[in-house]
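Only one structure is covered here, and it is reproduced in the block below.
The values are calculated or read from the model by the stated rules, or taken from the named source; none is laboratory data. Quick caveat: nothing in here was measured; it's all calculated off a predicted structure. Note that each Cβ is placed from the backbone with ideal geometry, even for glycine, and that neighbours are counted across all protein chains shown.
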């Protein structure tokens, strides 16, 4: 839907601005922009309605920061990425709130998440995908160093900054989950989830979103 909308808007802009040769470029940029807006709206409004906005925000922040350096698996279509990430982060937000209310050992959770992230970074980071391969060795080394520094900086933040227990738990869960997606097991899980969501979509909307149209 976002792809079609971006194409229509870009086609109209190309005609209005008399730059029809740049329609494809404008459509690509609009698709990225519209996709980012939809994600932002979903990740703000849904957690707010569920009363777990700050927990989900902590999960997302820890996950995204580590992902920028370490990489990791992701679904092959925008809507599958949105559904899977929104469902996962919302579930982790609820879990973090419960852990905070149950006086769970959140500091120990954060330490475990940091150790897991460091091990993953040493062995597998940065983990690329066929769509976005890392071709330069210098770039790869820099990303590995950053992916090692991220969990260490997170540990320092948890150690020296007084944070609510549920936010510590949420960030630890986000870091641990993102670390998992960097591992071979994480890639296999996301691949299975991608195919499952594609087949589910093809059942409810035949002719679109099937496995053959996953890319």
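Some notes on this structure:
- Test result for residue 17, closer than 17 Å to residue 83 by Cβ and exposed (fewer than 14 other Cβ atoms within 10 Å of the Cβ): no
- Meets criteria (buried (at least 18 other Cβ atoms within 10 Å of the Cβ), farther than 21 Å from residue 169 by Cβ and free of Cβ contacts under 8 Å to residues at least 24 places away in the same chain) for residue 71: no
- Residue match in the range 16-37 (condition: closer than 30 Å to residue 175 by Cα, over 15 Å from the mean Cα position of the chain (by Cα), in contact (Cβ under 8 Å) with a residue 24 or more places away in the chain and not in a helix (DSSP H, G or I)): no
- Check on residue 170, in the same structural domain as residue 74 (by TED's automatic domain parsing), in contact with a helix residue (DSSP H, G or I) (Cβ under 9 Å, 6 or more places away or on another chain) and within 26 Å of residue 47 (Cα to Cα): yes
- Which numbered condition residue 211 fails, given (1) at pLDDT 95 or above; (2) more than 16 Å from residue 67 (Cα to Cα): (1)
- Checked against (1) surrounded by 17 or more Cβ atoms within 10 Å (Cβ to Cβ); (2) modelled with pLDDT of 95 or more; (3) within 17 Å of the chain's Cα centre (by Cα), residue 87 passes all but a single condition, namely (1).
- Of all residues in the range 116-144, those satisfying the criterion of being surrounded by 13 or more Cβ atoms within 10 Å (Cβ to Cβ) and in a helix (DSSP H, G or I) are 116, 117, 118, 119, 120, 121, 140, 142, 143, 144.
- Looking across the range 60-75 at every residue that is under 9 Å from the mean Cα position of the chain (by Cα) and assigned to a helix (DSSP H, G or I), the one that is farthest from residue 126 (Cα to Cα) is identified as 60.
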